[in-house]
Structures are given as structure tokens and as C-alpha cells.
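Scroll down for the structure; my scribbles are underneath it.
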Amino acid sequence: KVVIQNGIYHNRHINVVYSFDLNFYYDNRGETCMLVLKNVNKIFHDTHAVVDLNLSLQKGEIYGLLGANGAGKTTTMKMLLNLIEPTSGSIRIFNRDIRLEEKKILPRIGSLIESPGFYPNLTGTENLRIFAKLRGIPRTDAIEQALKLVNLPYKDKKLYSQYSLGMKQRLAIALAVMHDPEILILDEPINGLDPIGIAEIRTFIEDLSKNRGKTILISSHILSEIAVLADDIGIIDKGVLIEEGSMKELEEKNGKYVHFKVSDNAQAARILSVYYKESNFKVSGNQDINVYNLSISIPDIVRSFVQEGVDVMDAHLCEDTLEDYFKKVTGGEGIA
Ligand code: ATP
């Protein structure tokens with residue numbers, strides 16, 4: 001029997017106490033972390049591609065990394081696979097440092113980062129057979145199981161060159177899961193797929209997570225795609241993780257503000273700054289002013305505006321959708 005208390009590992013049977021760094025195994029909710037990034041940076045010459053990134057994934061969770069092109073998603077995933085070295089920070093997977101113990105970690109990870117380079121004139125099964133041999137996968141049923149999981153036939157004469165885009169993506173995922181990894185890292189696996197293709201991938205990604213306990217990191221630049229797949233979403237913009245939470249949490253958190261339509265918004269802005277010490281607002285045109293601090297009292301502010309000679313035509317709480325918000329932060333991308 002093993003008991004863990006305050007960072008100390010007690011084995012009562014042999015009466016030994018081991019101390020080890022619990023930060024990497026348990027988060028503040030007491031959940032098991034499979035993968036933890038702490039203050040990770042990547043600088044390429046003059047591009048700060050990943051900025052002070054902190055991220056942790058619990059066992060069995062599907063985490064969606066959402067960001068426009070160039071946001072730093074692929075760079076993050078490549079660092080997790082030790083394909084590129086972080087400029088600074090720490091990456092621990094299975095409580096091991098990826099830079100020091102790559103050989104122990106990588107066999108337990110499946111990834112789809114770039115197109116795997118399948119042979120066009122071979123079938124899906126033949127292609128997987130080549131990879132299985134190269135990787136020394138001993139299980140004879142590994143290929144059949146992986147194909148079954150992604151709903152591709154094992155005995156089929158269709159060549160890879162005749163596959164649809166959806167089938168190609170599913171074969172790439174079959175390759176990523178063939179060695180039964182505990183963590184899956186999938187870079188834009190649904191890129192370019194139609195809604196049916198996305199629904200198919202969603203079904204088995206959910207199966208992998210919910211029924212087989214796999215931990216999955218998946219990236220996309222389309223909010224609607226990631227929203228249906230991920231338990232938790234992190235929005236990354238210019239290398240910075242700007243928001244994180246479940247879809248519901250993000251929706252609640254974002255895009256709420258109080259909109260005032262007034263006769264003179266410059267005067268209204270002055271009242272907010274001087275009387276209320278409020279700086280979290282934006283004016284537009286001559287009459288509109290949005291206040292993003294929701295703890296303000298709308299009746300108090302309306303009263304102050306009127307007392308100072310500013311007429312108020314309208315005042316109400318507005319809500320942007322998460323899509324509006326994401327569009328704003330990514331400069332217009334991300335809407336499917
Ligand atoms: P995409 O969906 O377009 O791949 P991404 O979110 O995956 O976008 P990254 O590929 O991680 O973004 O790129 C992040 C930034 O780092 C970009 O500005 C990119 O140009 C830059 N970058 C990536 N790899 C390199 C490299 N090897 N050398 C120099 N700059 C790079």
C-alpha cells in the first residue's frame with residue numbers, strides 16, 4: 001500500500017519514505033499530470049514563437065490547442081517530442097525530462113505532426129506493415145487493431161493514392177496509435193476535412209480518451225472543430241497562451257461588457273476615468289462606449305453621466321460569443 005502525503009511517498013510495508021517532486025505528477029486539483037510544461041520559451045532568431053508557456057494535461061483528457069497560423073502550436077508539439085529544443089523552461093512527460101530521457105518517453109507517445117510519407121502505390125495495411133517493422137512493433141494484431149479503431153478496412157485492395165483526404169488522415173492516426181501509446185499528440189488532424197470526416201475522427205478520439213484512458217493533445221486553428229473535440233481548450237496567440245478552460249468556462253469568461261450609447265462619449269470617458277478610476281473601457285464613434293469591468297453599477301454610472309450633462313440613450317450588458325472573441329484575438333481567422 002502506498003500513501004502520498006505532502007510530497008512524501010510512504011511505503012508502509014517496508015517502512016521507507018521517499019521524497020520526490022510531486023509538482024510534476026499532481027496538479028492543484030490532485031489529478032495526475034501526464035505532461036507538464038513550465039515557463040517554456042522558444043526563440044528562432046528574431047521570432048519569439050513560444051512565450052513562457054505553462055501547460056499541463058491530466059490523464060485521459062483531450063486538450064485542444066487553438067490558435068491562428070503561426071501562433072506556435074507546431075513549435076510547442078515539436079518541443080514535446082524533443083524534435084526541437086526549447087530556448088528555456090522545462091518539459092516533463094510521465095514525470096521525466098524529455099531532453100534527458102527521450103528514449104524512455106517517446107515509445108509511450110504517438111504523434112501526428114507532419115504527413116507521415118506513406119507510399120502511394122501500397123495499401124493502407126501494407127504501409128502500416130512497413131512502419132511496424134521499422135519501429136519493431138512486436139504485436140501481430142497491432143495493425144488490424146489500429147485500422148479497426150479508425151474505421152479503415154484491414155483487408156482492402158485500395159491503394160493509398162486512391163484514399164480520400166479523410167481516409168489519409170485516419171491512416172495517419174492509425175499509425176500514431178499502432179504502438180498503443182499513452183499520450184497522443186496530433187497537430188491539426190482535422191485540417192481540411194468535411195463535417196463527416198470531422199465527426200468520424202471525433203468518434204474515435206473520444207473513444208481513445210474516454211474508454212482507453214489516452215491523454216490527447218490536439219491542435220487546430222478552427223474554434224468550431226476544437227470545441228466539439230476537446231475537454232479543455234487553450235487559446236494561443238503569438239506564442240502566448242491567452243486563455244484556458246473548458247468551452248463553457250471560456251464562453252462565460254469572454255466577451256462580456258456593458259455598452260452605453262451617450263450624447264458625448266469623450267465626456268463619458270472622462271467621468272469614468274476621473275470619478276470611477278476606471279480605465280478598462282473603449283470608445284468608438286462619437287456616442288458608443290464599452291466598459292469591460294463588469295463589477296461597475298450601471299445605474300450609478302448612468303446617474304453620474306446625466307448629472308454631468310451627458311444624455312444616456314442606452315445601457316445594457318452585451319455578450320460576444322467565443323467565436324467573436326477568438327476572431328478578435330487572431331485577427332479574423334478561426335471561423336468555419
Ligand atoms: P501553423 O498552423 O501555420 O503551422 P503554428 O501555430 O503551428 O501555425 P508554428 O509553426 O509553431 O505555428 O510557428 C510559430 C512561429 O515560429 C511562426 O512565426 C513561424 O514562422 C516561426 N517558426 C517556426 N519554425 C521556425 C524555424 N524553424 N525557424 C524560424 N522560425 C520558425
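The values are calculated or read from the model by the stated rules, or taken from the named source; none is laboratory data. Not measured: the values here are computed from a predicted model. Backbone-built Cβ (ideal geometry, glycine too); neighbour counts: all protein chains shown.
Is it the case that some residue within the range 150-164 is of a type in the set (Ser, Thr, Tyr), farther than 27 Å from Glu61 by Cα and part of a helix (DSSP H, G or I)? The answer is yes; a qualifying residue exists. When the range 108-149 is filtered for residues that are closer than 30 Å to Lys38 by Cα and surrounded by 14 or more Cβ atoms within 10 Å (Cβ to Cβ), the ones remaining, listed by number, are Arg108, Ile109, Gly110, Ser111, Leu112, Ile113, Pro116.
The single condition among (1) closer than 20 Å to Tyr325 by Cβ; (2) surrounded by fewer than 16 Cβ atoms within 10 Å (Cβ to Cβ) that Val291 does not satisfy is (2). Among residues of the range 86-114 that are closer than 25 Å to His48 by Cβ, those with a Cβ under 7 angstrom from a residue that is aromatic (Phe, Trp, Tyr), sequence gap 6+ or separate chain, pair up as Arg92/Phe24.
Listed here are the strands (runs of 3 or more DSSP E) enclosed by the range 38-101 that have at least 2 residues being out of contact with any strand residue (DSSP E or B) (no Cβ under 6 Å at 6 or more places or on another chain) and within 15 Å of the ligand (Cβ to nearest atom): 47-58. Selection of the range 208-241 for residues being modelled with pLDDT under 90, away from the ligand (no atom under 16 Å from the Cβ) and in contact with a Lys or Arg (Cβ under 9 Å, 6 or more places away or on another chain) yields Val228, Leu229. Ala199 fulfils the conditions (1) part of a loop (DSSP other than H, G, I, E, B); (2) at pLDDT below 90; (3) surrounded by fewer than 20 Cβ atoms within 10 Å (Cβ to Cβ) except for a single criterion, (1). If we scan the range 8-28, do we find a residue that is among the β-branched types (Val, Ile, Thr), modelled with pLDDT under 95 and not in a strand (DSSP E or B)? There is at least one residue in the range 8-28 that is among the β-branched types (Val, Ile, Thr), modelled with pLDDT under 95 and not in a strand (DSSP E or B). Could you list, in sequence order, the residues of the range 45-60 that are out of contact with any Cys (no Cβ under 7 Å at 6 or more places or on another chain), crowded, with 17+ Cβ neighbours inside 10 Å and not hydrophobic (A, V, I, L, M, F, W, C)? Gly60 - this is the single residue of the range 45-60 that is out of contact with any Cys (no Cβ under 7 Å at 6 or more places or on another chain), crowded, with 17+ Cβ neighbours inside 10 Å and not hydrophobic (A, V, I, L, M, F, W, C). Each residue in the range 252-306 was checked for being under 13 Å from Cys318 (Cα atoms) and part of a helix (DSSP H, G or I), and 3 pass.
Okay, residues lined up against (1) of a type outside the set (S, T, N, Q); (2) touching a residue at least 12 places away in the same chain (Cβ under 8 Å); (3) in contact with a helix residue (DSSP H, G or I) (Cβ under 8 Å, 6 or more places away or on another chain); (4) farther than 19 Å from Glu225 by Cβ:
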site	(1), (2), (3), (4)
Ala142	yes, yes, yes, yes
Lys155	yes, yes, yes, yes
Met167	yes, yes, yes, no
Met178	yes, yes, yes, yes
Pro189	yes, yes, yes, no
Leu193	yes, yes, yes, no
Ala199	yes, no, no, no
Arg202	yes, yes, yes, no
Asp207	yes, yes, yes, no
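Do we have any residue at all in the range 242-254 that's surrounded by 13 or more Cβ atoms within 10 Å (Cβ to Cβ), more than 16 Å from the ligand (Cβ to nearest atom), basic (Lys, Arg) and in contact (Cβ under 8 Å) with a residue 24 or more places away in the chain? Looking through the range 242-254, none of the residues is surrounded by 13 or more Cβ atoms within 10 Å (Cβ to Cβ), more than 16 Å from the ligand (Cβ to nearest atom), basic (Lys, Arg) and in contact (Cβ under 8 Å) with a residue 24 or more places away in the chain.
Taken over the range 265-287, the criterion of being crowded, with 16+ Cβ neighbours inside 10 Å and either touching a residue at least 40 places away in the same chain (Cβ under 8 Å) or under 16 Å from Val306 (Cα atoms) (or both) is satisfied by Asn265, Ala268, Ala269, Ile271, Leu272, Tyr276, Gln287. Return yes when Ser304 is farther than 30 Å from Leu81 by Cα, without any contact (Cβ under 8 Å) to a residue 12 or more places away in the chain and either of a type in the set (A, V, I, L, M, F, W, C) or surrounded by fewer than 21 Cβ atoms within 10 Å (Cβ to Cβ) (or both) and no when it is not. So Ser304 fails the test. Under the condition of being within 14 Å of Asn39 (Cα to Cα) and crowded, with 22+ Cβ neighbours inside 10 Å, the residues counted in the range 61-91 number 5. Just checking, does the range 179-192 include any residue being part of a helix (DSSP H, G or I) and away from the ligand (no atom under 16 Å from the Cβ)? Within the range 179-192, not a single residue is part of a helix (DSSP H, G or I) and away from the ligand (no atom under 16 Å from the Cβ).
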